[in-house]
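Everything on this sheet refers to the single structure shown next.
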Amino acid sequence: MEKLQPERVFYYFSKLMEIPRPSFHEKQVSDFLVKTGKELNLETYQDESLNVILKRKASKGYENAPKVILQGHMDMVASKTDDSDHDFLKDSIKPVIDGKYLTADKTTLGADNGIAVAMGLALLEDENYVGPQIELLVTTEEETSMAGALNLARDVLEGEYLINIDSEEEGVLTVGSAGGITIFVEEKIGQEEQKDGYEIKVSGLLGGHSGMDINDNRGNALKVFASILDNLNSDITIGEFTSGSLDNIIPSSGSVKVYGAKLEELEEAKKNTLYKFKDVKGELKIEINEASGKSYSKELSEKIIKMIANVACGTNTMMKDGITVESSDNLALIKEEDGFIKSEISLRSSDNDALEELSKKIRTVIEDLGINYKIDSIYPGWEYKEDSKLRPLAQKVYKEFEGKEFDTIVIHAGLECGAFYEKYPNLDIISIGPNITGAHSPEEKVEIESVQRVYAYLKQLLKEIK
């Protein structure tokens, strides 16, 4: 890696690769950042969440320029191939140069978001830096709870502009993102009765990210189950219901046992459901086989079936451009745990009023059924700033630098920028980044020349902030 350019960016990235830093295990890398800041004679700050801020003064002539925050996160997703013996709590990431890409040996690379941290450190030490005061803000737990950003104090940043470097497509300028909440449903299973019946298995849907893929006609396994179960006779009960895994993933498969239904009735419901979902992407498969198992009570069975049938799922409203999703929800999972049947519903919106309206609509369905729930995992949205000064400057510099326009977007997913916007509402924020593919998987790779271009662009943008 020592021959890769920009040399100091990849030097610092190699140092980060040596340090185990999966989410929830950031102490070592956080301390490394503080140590590096002190070695560079920078003002350093580390909070209880292990967030780090390193501050460099403005260069001559930029003393009165808007102060800039450069932001990334220090944690990474720990994912490896089935045949890898890598220990993410002990082992360094092993880099592999694959043509024009940098990747890792059977593990995630951690370019998401280590490459941003490396760019920031390279700028902080650059003796030839020209530009305003910069604060490098590096957060923790972005890949899980966003706890670092959410717990950041409201009085520790001085910057007027914030440049997030956690986007993964060069040439794209992100200028807004969705906020969201998760509704957690929980009902005690109680006494179960052993019965003979049928098991329904659903598979073959594409799944995907519940924000970025929600408008991509991928279907939802729980809505497939709802289509079948809500059209059977009223005397049925169900049991052993499981579908979905995480609140930010669209469920693609699952299974449930059904008691009190005739096979012909199930086959008819299957046929109608396959027709109803015939246009969704993937290859939907529904299997029905004889099975025995434990049945929930009639009352609980009805509650679950009515909830998954009546809770809206998918795109709710669109933005004015007719292309970008404004608000949506994902009926994310159902599972049995500790004697309870549990479900999670993830809601997103780039407009707080639309989010509250959607939340109220779903809560009404749940309350009318007498189901217990709570609201948690709240993260704020990042609203598009009409009077931004940073956005047009970033677009102008990019046009001059690359000879083409930025693709300027608002994304239907949660970013740390929303937490910063909520705490510092006067911040002017953009998000950029180099080309990274396969993030969160062992296929993750970053395009080396894209890192060069984005870093050079970032330096030029800072130079023009006066």
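Tell me yes or no: at least one residue of the stretch 216-234 is surrounded by fewer than 22 Cβ atoms within 10 Å (Cβ to Cβ), among the hydroxyl-bearing types (Ser, Thr, Tyr) and in contact with a strand residue (DSSP E or B) (Cβ under 7 Å, 6 or more places away or on another chain).
Checking the stretch 216-234: not a single residue is surrounded by fewer than 22 Cβ atoms within 10 Å (Cβ to Cβ), among the hydroxyl-bearing types (Ser, Thr, Tyr) and in contact with a strand residue (DSSP E or B) (Cβ under 7 Å, 6 or more places away or on another chain).
Within the stretch 255-269, can one find any residue that is crowded, with 21+ Cβ neighbours inside 10 Å, within 29 Å of the chain's Cα centre (by Cα) and not acidic (Asp, Glu)?
There is at least one residue in the stretch 255-269 that is crowded, with 21+ Cβ neighbours inside 10 Å, within 29 Å of the chain's Cα centre (by Cα) and not acidic (Asp, Glu).
Identify, please: which residue in the stretch 440-464 is among the aliphatic types (A, V, I, L, M) and not in a strand (DSSP E or B) and is, among those, nearest to LYS60 (Cα to Cα)? Explain how you work it out, then say what you get.
Pass one, the stretch 440-464, residues among the aliphatic types (A, V, I, L, M): 446, 448, 451, 454, 456, 458, 461-462.
Those left that are additionally not in a strand (DSSP E or B): 448, 451, 454, 456, 458, 461-462.
Numbers: ILE448: 32, VAL451: 27, VAL454: 24, ALA456: 20, LEU458: 19, LEU461: 17, LEU462: 13 Å.
Looking at residues that are among the aliphatic types (A, V, I, L, M) and not in a strand (DSSP E or B), I get LEU462.
If you go through the stretch 126-146, how many residues are at pLDDT below 95 and of a type outside the set (Asp, Glu)?
Matching residues across the stretch 126-146 total 3.
Yes/no matrix, rows are residues, columns are (1) closer than 30 Å to GLU186 by Cα; (2) not assigned by TED's automatic domain parsing to the domain that holds GLU356:
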position	(1), (2)
LEU369	yes, no
ILE375	yes, no
ASP387	no, yes
LEU393	no, yes
GLU400	no, yes
ASP407	no, yes
ALA413	yes, yes
CYS417	no, yes
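Could you check the stretch 438-453 and list, in sequence order, the residues that are within 28 Å of LEU150 (Cβ to Cβ) and surrounded by fewer than 24 Cβ atoms within 10 Å (Cβ to Cβ)?
GLY438, ALA439, HIS440, SER441 - these are the residues of the stretch 438-453 that are within 28 Å of LEU150 (Cβ to Cβ) and surrounded by fewer than 24 Cβ atoms within 10 Å (Cβ to Cβ).
Restricting to the stretch 200-215, count the residues that are surrounded by fewer than 21 Cβ atoms within 10 Å (Cβ to Cβ), assigned to a loop (DSSP other than H, G, I, E, B) and under 17 Å from the mean Cα position of the chain (by Cα).
Selection size over the stretch 200-215: 5.
Please work out if GLY370 is of a type outside the set (S, T, N, Q) and under 30 Å from LYS303 (Cβ atoms).
Working: of a type outside the set (S, T, N, Q): yes; under 30 Å from LYS303 (Cβ atoms): yes.
Spelling it out, GLY370 is indeed of a type outside the set (S, T, N, Q) and under 30 Å from LYS303 (Cβ atoms).
Report yes if some residue within the stretch 290-305 is of a type in the set (Gly, Ala, Ser), more than 20 Å from ILE189 (Cβ to Cβ) and in a strand (DSSP E or B); otherwise report no. Even if it seems obvious, please write down each step before you answer.
Kept after step one, since they are of a type in the set (Gly, Ala, Ser), are these residues of the stretch 290-305: 291-293, 295, 297, 301.
Going one step further and asking which of them are more than 20 Å from ILE189 (Cβ to Cβ), we end up with none.
Taking every residue of the stretch 290-305 in turn, none turns out to be of a type in the set (Gly, Ala, Ser), more than 20 Å from ILE189 (Cβ to Cβ) and in a strand (DSSP E or B).
Can you tell me which residue is nearest to the chain's Cα centre (by Cα) among those in the stretch 364-400 that are surrounded by fewer than 16 Cβ atoms within 10 Å (Cβ to Cβ) and among the basic types (Lys, Arg)?
Step by step, filter the stretch 364-400, then rank; the result is LYS374.
Among the residues of the stretch 235-254, what is the count of those that are closer than 26 Å to THR315 by Cβ, among the aliphatic types (A, V, I, L, M) and buried (at least 20 other Cβ atoms within 10 Å of the Cβ)? Break it down stepwise before answering.
So in the stretch 235-254, the residues closer than 26 Å to THR315 by Cβ come out as 241-254.
Restricting the remaining residues to those that are among the aliphatic types (A, V, I, L, M) gives 246, 249-250.
Keeping just the survivors that are buried (at least 20 other Cβ atoms within 10 Å of the Cβ) gives 250.
Residues that pass the stated criteria total 1.
The rows are residues; the columns are (1) in the same structural domain as VAL451 (by TED's automatic domain parsing); (2) touching a residue at least 24 places away in the same chain (Cβ under 8 Å); (3) over 16 Å from THR139 (Cα atoms); (4) aromatic (Phe, Trp, Tyr).
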position: GLU18; (1), (2), (3), (4): yes, yes, yes, no
position: LEU33; (1), (2), (3), (4): yes, yes, no, no
position: GLN46; (1), (2), (3), (4): yes, no, no, no
position: ASN51; (1), (2), (3), (4): yes, yes, no, no
position: ARG56; (1), (2), (3), (4): yes, yes, yes, no
position: TYR62; (1), (2), (3), (4): yes, yes, yes, yes
position: GLY72; (1), (2), (3), (4): yes, yes, no, no
position: ASP75; (1), (2), (3), (4): yes, yes, no, no
position: LYS90; (1), (2), (3), (4): yes, yes, yes, no
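Are any of the residues in the stretch 312-321 surrounded by 16 or more Cβ atoms within 10 Å (Cβ to Cβ) and over 20 Å from ASN220 (Cβ atoms)?
Scanning the stretch 312-321 turns up at least one residue that is surrounded by 16 or more Cβ atoms within 10 Å (Cβ to Cβ) and over 20 Å from ASN220 (Cβ atoms).
Is the stretch 81-93 home to any residue that is within 22 Å of the chain's Cα centre (by Cα), outside any strand (DSSP E or B) and under 21 Å from SER23 (Cβ atoms)?
Taking the stretch 81-93 as the starting set, the residues that turn out to be within 22 Å of the chain's Cα centre (by Cα) are 81, 88.
With the extra rule that they be outside any strand (DSSP E or B), the set shrinks to 81, 88.
Those still in the list that are under 21 Å from SER23 (Cβ atoms) too: 81, 88.
Among the residues of the stretch 81-93, at least one is within 22 Å of the chain's Cα centre (by Cα), outside any strand (DSSP E or B) and under 21 Å from SER23 (Cβ atoms), which makes the answer yes.
Only one residue in ILE411, ILE448 is among the β-branched types (Val, Ile, Thr) and within 17 Å of GLY110 (Cα to Cα). Which one? Explain how you work it out, then say what you get.
Working: ILE411 fails: within 17 Å of GLY110 (Cα to Cα).
From the options ILE411, ILE448, the qualifying one is ILE448.
Restricting attention to the stretch 376-399, which residues are of a type outside the set (Ser, Thr, Tyr) and touching a helix residue (DSSP H, G or I) at 6+ places or on another chain (Cβ under 8 Å)? Let's see the steps before the verdict.
Taking the stretch 376-399 first, the residues of a type outside the set (Ser, Thr, Tyr) are 376, 378, 380-383, 385-387, 389-397, 399.
Within the stretch 376-399, PRO380, GLY381, TRP382, GLU383, LYS385, LEU393, ALA394, VAL397 qualify.
The values are calculated or read from the model by the stated rules, or taken from the named source; none is laboratory data. Computed from a predicted structure; not experimentally measured. Don't worry about glycine lacking a Cβ; one is built from the backbone with ideal geometry, like all the others, and counts go over all protein chains shown.
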